[in-house]
1. Consider residue 305 against the criteria (1) among the β-branched types (Val, Ile, Thr); (2) in the same structural domain as residue 505 (by TED's automatic domain parsing); (3) assigned to a helix (DSSP H, G or I): it satisfies all of them except one. Which criterion is unmet?
2. Quick check, is residue 391 crowded, with 21+ Cβ neighbours inside 10 Å, part of a helix (DSSP H, G or I) and in contact with a strand residue (DSSP E or B) (Cβ under 8 Å, 6 or more places away or on another chain)?
3. Are any of the residues in region 272-289 in contact (Cβ under 8 Å) with a residue 40 or more places away in the chain, outside the structural domain of residue 109 (by TED's automatic domain parsing) and loosely packed, with under 13 Cβ neighbours inside 10 Å?
4. So which of 207, 184 ends up being outside the structural domain of residue 525 (by TED's automatic domain parsing), more than 28 Å from the chain's Cα centre (by Cα) and not acidic (Asp, Glu)?
5. Could you list, in sequence order, the residues of region 189-206 that are touching a residue at least 24 places away in the same chain (Cβ under 8 Å), assigned to a helix (DSSP H, G or I) and surrounded by 14 or more Cβ atoms within 10 Å (Cβ to Cβ)?
6. Here is a check on your reading of the model: is residue 578 in the same structural domain as residue 266 (by TED's automatic domain parsing) and among the basic types (Lys, Arg)?
7. Count, please, the residues in region 529-569 that happen to be part of a loop (DSSP other than H, G, I, E, B), touching a residue at least 60 places away in the same chain (Cβ under 8 Å) and farther than 30 Å from residue 361 by Cβ.
8. Residues to consider are 125, 175; find the one that is part of a helix (DSSP H, G or I), of a type in the set (Phe, Trp, Tyr), at pLDDT 95 or above and more than 30 Å from residue 82 (Cβ to Cβ).
Amino acid sequence: MKVFLRLFAIALFLSATGTFAAENEDAEYEAVAEEYIKTYLAAHPLEGTALGFHEYDGKISDYSRLALDAELSRLRRFDDRLSKFDQSKLGPRQSIDLRILQMAVKKDLFEMQDMSVFERNPMIYARAADVNVYIKRNFAPLEDRVRSLIAIESQIPNILIAARTNLNEVLPKPYVELAIQIARGSSDFLKKDLVAAVAGLKDQQLRVAFQESNRKAANALNDYAAWLEREKLPKASLDFALGEEKFRRFLAQTELVDLPPQKILEIGMEQLKAEQQAFADAAKKIDPNKSPIEVFKQIQSEHPTPQNLIPDVAKDLDKIRKYVSSRHLVSIPSDVRAKVKETPQYLRATSFASMDTPGPFEKRATEAYYYVTPTENDWPEKQKQEWLTAFNYYTSDIVSIHEAYPGHYVQFLHLNASPASKVEKIFGSYAFTEGWAHYCEKMMLDEGFGNPTGETPSEDDVKHPAKYRMAQADEALLRLCRLCVSTKIHTQKMSIEDATKFFQDNCYYEEKPARQEAMRGTFDPGYLNYTLGKLQILKLRDDYKAQQGEEFSLQKFHNELLNHGMPPIRLLREIMLKDKTKWDEVL
């Protein structure tokens, strides 16, 4: 009996010791994570303000060589510290959390070390003046926000001086061309839109100080654009490709997708052909005597008037929300609606429609806006009609699904309501956030959205689903072209001209927007993630459905998917699937 009691006491001691060790490991990890977040936001204070941490108001990143070297050292130090944690000794939540944080660190390291963004990408500095958060959200009195703007604008000339020191002698030509556009656009934004946005400022002394800092910042941006045009554009090169090894590592480190680029391209091309066929099949149902492009142009002519654009989008958004709710497709955690508004003037040059949600830690300015860019009163009638074709009733609903219900806005509501940690609310996967919204476009149509509802539908009613299918396929074709072009540009030496033609031939874009898409691929290889994320979610859904059997429901799957922050989908597989052998089967 004494021997048994002694063994029992030893077992209890070992169990308690193991529990204590696990709790201690978790606490140690969480302390490192908190330290990382503090140092990260100190290095990226504009992001801190956007997230809702207002102790960072009035601050901007330091782009001096000394500061960039310090930031690289910080990232390497935390990469090393995080690698020393044993996942098997952490709690399940901390184990996931650790890998999300490691992914965030490796993403920044990749950009600094492998992409050399501060040495090769002049756009980084041209975008430093992005102070939208100070005027689009009333998180503090106008006077306080203007003081923050003055403090930030006063640093912009120094940032652009640092750019001249940091940038390489020879830069990629697309980067230089785009940086010139961005710098001039940022200067115009400061001189016009920012000034208009603070017009209600009553403090005269503050107004004078703002005018002075604003003038110097705007001039510095114009000078930077002129310097790029004079000094960098003539000698710019076409050296922008990552190469196969870096591209594969980029996906493995930032999205935990470790597949050969050729395999991803094969999947993309196969999907592209299938989507083109779906586009053509839907067109035949509408008018078999016309080409698919002709049919789609006819669909695009069915749009609101300039006066009815915002009311029509708002009315249809409510219809979409009710459909999601009545069909139990995903829970909507809040009755607070996203407000449909005209896109603010200062955002119109770059935005067609967008979802503007507050940061997950914002306590004051918590409104959410669904911005839609209207026609301008002084546009010629032809230009107004061309703009409104993009807001045809079918495409407009697909975009609303993507941006609001059940796309980005529902994603935001779940993030706020979830038990996600601070790490999970700050650091996210590009493929998850954009993949979810893009997946929703297809999912909603698969679940009957756009189908006729009456018992005896008219001929026009019968054509409605095909019109929605063409609009949805049109959006999917663009994202599939991005996946193919990103892979080809960075691993197969595809030229900008060939990439432009690829968009024209495969998603039927005109030359100008096709070239814009091709240019984006040179510096944003991650724009393949819209499709990559969507395909991963569809694969996860199939596997989860097989696992759940009769207990499967779409709502249950979607709620679980959205309940863990914004992690790489590879980690969601680990959370949601019981069969460990399937965790790595991302596609």
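The values are calculated or read from the model by the stated rules, or taken from the named source; none is laboratory data. Quick caveat, the model's predicted, so the values are computed rather than measured. Don't worry about glycine lacking a Cβ; one is built from the backbone with ideal geometry, like all the others, and counts go over all protein chains shown.
1. (3)
2. So residue 391 does not fit the description; no.
3. No, because not a single residue in region 272-289 is in contact (Cβ under 8 Å) with a residue 40 or more places away in the chain, outside the structural domain of residue 109 (by TED's automatic domain parsing) and loosely packed, with under 13 Cβ neighbours inside 10 Å.
4. Criteria check complete, one pass: 207.
5. Matches in region 189-206: 189, 190, 191, 193, 194, 197, 206.
6. Criteria not met by residue 578.
7. 1
8. Answer to the check: 175.
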